[in-house]
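Undergrad: Quick one: structure below, then a few questions.
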Amino acid sequence: MDITYNKNGMLISAVSEFNLDQTLDCGQCFRFDKADDGSWRGVAGGCAIVARSTAGGILIEGAASDDGEFFKRYFDLERDYAAIRKSYLAHPALAPCAEFAPGIRILRQDAWETLISFIISQNNNIKRIKGIVSRLCALLGEPIGGGEYAFPSAGVIAAANEDDLAPLRAGWRAGYILDAARRVHGGEVVLDDIARLPLDEAQAALRVIHGVGPKVADCVLLFGMGRTDAFPMDVWMKRAMATMFPGNTAADFGEYAGIAQQYIFHYARMNPEMCKTL
DNA sequence: TGCCAGGCGACGC
DNA sequence: GCGTCGCATGGC
């Protein structure tokens, strides 16, 4: 993997198993949208960026000139996905999932943003989740240029009330957002500490928050804390497990179960006929 | 139009 | 412990 800088921005090259469309459109993040020219515009690391696939690699515009380390971590670039994927190809049911979108990388997003985003995600659809997150940032986040806003801090949200959040049109999730903000801002929930706990303890620590159950906790651990041992089970995964992996559990998918989960989730969502119950 | 959406908490048993 | 229910909002 190489990271170089030119007049257009930061260029990430010589990385296998890294596809921008697959990574940003597989349901793990809600702050990027694809523009008409095929580029992805959104916010990462507090910067408004434009990411695009070029002949030379992935080009990031808008990143600070010393953000190579940030994006290595954000896109999980130092993990050997080729080796992980190869181990999945031997499994007859897992192979088609790992082949379908080989360029998925599990993002290491900000834990706080991931927590609120996946609280919003419950019983919701991805398009509307993006809308609510976007309105939350515009309402309470700092403008960062390019028409974008940073994700609001726990302190700012904790100072709001349900009426303040009404413009989000988040429904009953607004109370959950406030509870999360107050517990994080108040120090009862310390996300950096939780990230290092054994999986069951980390799940329990997150579930102290009203509106965080097993699925949201696992999403926060996987997409916001780099915990590839977390295995979120949403409606799509439940269908896929019942039809494609009967009798299997997260434990059957090994140390990187969360990565396998994302291949399966994305495959199931894009090929719903494969996990229809009879 | 009615069903569904990356679920969860409350409640009854 | 487990099943069921309602939940606000809007995408399709």
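The values are calculated or read from the model by the stated rules, or taken from the named source; none is laboratory data. The model shown is predicted, which means the values in this text are computed figures rather than measured ones. In this analysis, Cβ positions are derived from the backbone assuming ideal geometry, glycine residues included, and neighbour counts consider all displayed protein chains.
Undergrad: Assuming A:Trp112 fulfils every condition listed in (1) within 30 Å of A:Asp179 (Cα to Cα); (2) within 16 Å of DNA strand B (Cβ to nearest atom) apart from one, which condition is it?
TA: (2)
Undergrad: Let me ask you something else. Looking at region A:187-197, is at least one residue touching a residue at least 40 places away in the same chain (Cβ under 8 Å), of a type in the set (A, V, I, L, M, F, W, C), within 14 Å of DNA strand B (Cβ to nearest atom) and not in a loop (DSSP other than H, G, I, E, B)?
TA: Among the residues of region A:187-197, not one is touching a residue at least 40 places away in the same chain (Cβ under 8 Å), of a type in the set (A, V, I, L, M, F, W, C), within 14 Å of DNA strand B (Cβ to nearest atom) and not in a loop (DSSP other than H, G, I, E, B), which makes the answer no.
Undergrad: Conditions: (1) assigned to a helix (DSSP H, G or I); (2) more than 16 Å from DNA strand C (Cβ to nearest atom); (3) surrounded by fewer than 23 Cβ atoms within 10 Å (Cβ to Cβ). A:Ala180 meets all but one. Number of the miss?
TA: (3)
Undergrad: Just a yes or no: is a residue in region A:4-12 more than 28 Å from A:Val133 (Cα to Cα), assigned to a loop (DSSP other than H, G, I, E, B), at pLDDT below 95 and in contact with a strand residue (DSSP E or B) (Cβ under 7 Å, 6 or more places away or on another chain)?
TA: yes
Residue-wise test of (1) within 11 Å of DNA strand B (Cβ to nearest atom); (2) in contact with a Pro (Cβ under 9 Å, 6 or more places away or on another chain); (3) charged (D, E, K, R).
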site: A:Gly226; (1), (2), (3): no, no, no
site: A:Phe231; (1), (2), (3): yes, no, no
site: A:Ala242; (1), (2), (3): no, no, no
site: A:Phe265; (1), (2), (3): yes, yes, no
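Undergrad: How do the pairs read when you match residues in region A:10-31 that are on the phi > 0 side of the Ramachandran plot with residues anywhere that are among the aliphatic types (A, V, I, L, M), using Cβ under 7 Å and keeping only pairs 6 or more apart or on different chains?
TA: Correct list of pairs: A:Ala14/A:Met1; A:Glu17/A:Ala82; A:Gly27/A:Ile126.
Undergrad: What pairs come out if I take residues in region A:126-138 that are under 18 Å from A:Phe265 (Cα atoms) and pair them with residues that are within 16 Å of DNA strand B (Cβ to nearest atom) and in a helix (DSSP H, G or I) whose C-beta lies under 8 Å away, six or more apart or interchain?
TA: That search, which allows pairs on different chains as well, returns A:Ile129/A:Ser117; A:Ile129/A:Ile120.
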